[in-house]
Amino acid sequence: MPTNIPPEAQAKWEEYSKARTPEEKLQKLKEFYALIPKHKGTEKMEKFIKRRMSELKEEIEKRRLSKKSKGLSLLVEKRGAAQLVLLGYTNSGRSTVLSALTNARVDISPNPFSTLRPVEGMMEFKGAQIQVVEAPPIILEAQGGPTKLSVTLAGNADVLGIVLDSSDEPLVHFEELVKFLESKGILLERPRGRVRIKRSKAAPTIIVINKGKIADGNEKDVRDLLHFYGIERAWVEIEGYVTLEDVEEAIFGEKKYKPFIIFLTKVDLLNDRASIEHLKSKLSDKALAIVTYPGGIPSKDELGVRILKELGLIRVFTKSKSEKYPSERAVILSRGSTVIDLARVIHKSFSERFRYAKVWAERLPYSPMKVGPDFILEDMDTVEIVTR
């Protein structure tokens, strides 16, 4: 492990981590890069930084062009707990799926290429919302225009919805879309393992929750790597088979793999129901869910919960002493978040004046239970924070 980066560089990295806009992130990353030592031990870090700066510059340019252009918008601003982007060929049924999941005003037409701009709606489920975006059709023969826009939307999405026409070679089209997206750097093949890093001042140090295997190192190596990048307090969750390079990529927030849901439309046009079961058996190990339409859209609660679980997110409901019932809208937190993390999200004063909290949850021996700031929250918990 190379010599630790200077304190000044660590401070800039912390500022980069907290920056919200692409412009601010790029500036802080430039300042960080100028302060790190340049030698063989930092070659990999330099490569990551240069690549990330290039991505930020591209994002800034896309935003600038989308504001000036009267044509297609390149980005759809994220709203809700997560963003699900629907991809597919023309007439695959993307508009039908959007209409089934949301209350968006959708123009469902048998004519090809009727959707050339992104159309969005919100999928409501208990305590949260998932933003659903219908992307323009993918045209493999012409990868500019609408297709380029669809790739941009897919790269920015949290989850993809692959929409396949059941009556028109869905397996063939699925494989085509997989190869096309891979050529654009978007992978649908689930990785052998995953690393999630949750930075928090509530963490006493770097806590490694190892549920898998680190192929080329151990938990100490993981801690050393995070210390090298100036991270002193964090929860690191490891699932499956990972390498230290996977940990390093997680530090830089690189998102290559996109979880996805398969939507099989027009199943009513098939005479042979066995073909649907064949499709499901072929694709069930690749997707978060396989949904058939019409007649097979699962509950929005079921889809929403699957998406949040895959993304490592939880819903926490808040309650004040003066109210009989908790809030209808949940606070969305990263899995592993604590009561004090929730307090900071609500308002800075809640964490500064924190005394204790009451938590209602089915897993507890009794509810409400009085807990301290480091109590780890889980999905669907209800919390009342008591302050001084």
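Computed quantities for the displayed model
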{"quantity": "T243 being surrounded by 15 or more Cβ atoms within 10 Å (Cβ to Cβ), polar (S, T, N, Q) and out of contact with any Ser or Thr (no Cβ under 8 Å at 6 or more places or on another chain)", "calculated": "yes"}
{"quantity": "Selection count where residues are among the basic types (K, R) and surrounded by 13 or more Cβ atoms within 10 Å (Cβ to Cβ), scope segment 351-373", "calculated": "2"}
{"quantity": "Residues that are modelled with pLDDT of 60 or more, within 29 Å of the chain's Cα centre (by Cα) and either surrounded by fewer than 19 Cβ atoms within 10 Å (Cβ to Cβ) or outside the structural domain of K148 (by TED's automatic domain parsing) (or both), drawn from segment 107-118", "calculated": "D107, I108, L116, R117"}
{"quantity": "Residue within segment 361-376 that is in a loop (DSSP other than H, G, I, E, B) and among the polar types (S, T, N, Q) present", "calculated": "yes"}
{"quantity": "Residues that are in contact with a strand residue (DSSP E or B) (Cβ under 7 Å, 6 or more places away or on another chain) and among the basic types (K, R), drawn from segment 191-232", "calculated": "R192, R194, R196, K198, R199, K211, K213, R223"}
{"quantity": "Residue within segment 277-286 that is at positive phi and at pLDDT below 90 present", "calculated": "no"}
{"quantity": "Within segment 339-363, tally of residues that are in contact with an Asp or Glu (Cβ under 9 Å, 6 or more places away or on another chain) and farther than 21 Å from Y325 by Cα", "calculated": "2"}
{"quantity": "R329 being under 30 Å from I290 (Cα atoms), part of a loop (DSSP other than H, G, I, E, B) and in contact (Cβ under 8 Å) with a residue 24 or more places away in the chain", "calculated": "yes"}
{"quantity": "Breaking point among (1) crowded, with 17+ Cβ neighbours inside 10 Å; (2) charged (D, E, K, R); (3) closer than 20 Å to K198 by Cα, for K348", "calculated": "(1)"}
{"quantity": "Cβ-Cβ under 8 Å pairs, at least 6 apart or on other chains, segment 139-152 side in the same structural domain as L87 (by TED's automatic domain parsing) and crowded, with 17+ Cβ neighbours inside 10 Å, far side assigned to a loop (DSSP other than H, G, I, E, B) and of a type in the set (K, R)", "calculated": "V151/K184"}
{"quantity": "Restricting segment 228-258 to residues that are among the β-branched types (V, I, T) and modelled with pLDDT under 85, the residue that is nearest to E310 (Cα to Cα)", "calculated": "I251"}
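The values are calculated or read from the model by the stated rules, or taken from the named source; none is laboratory data. Keep in mind that this is a model prediction, so the values were computed, not measured. Note that we place each Cβ from the backbone using ideal geometry, even for glycine, and neighbour counts take in every protein chain shown.
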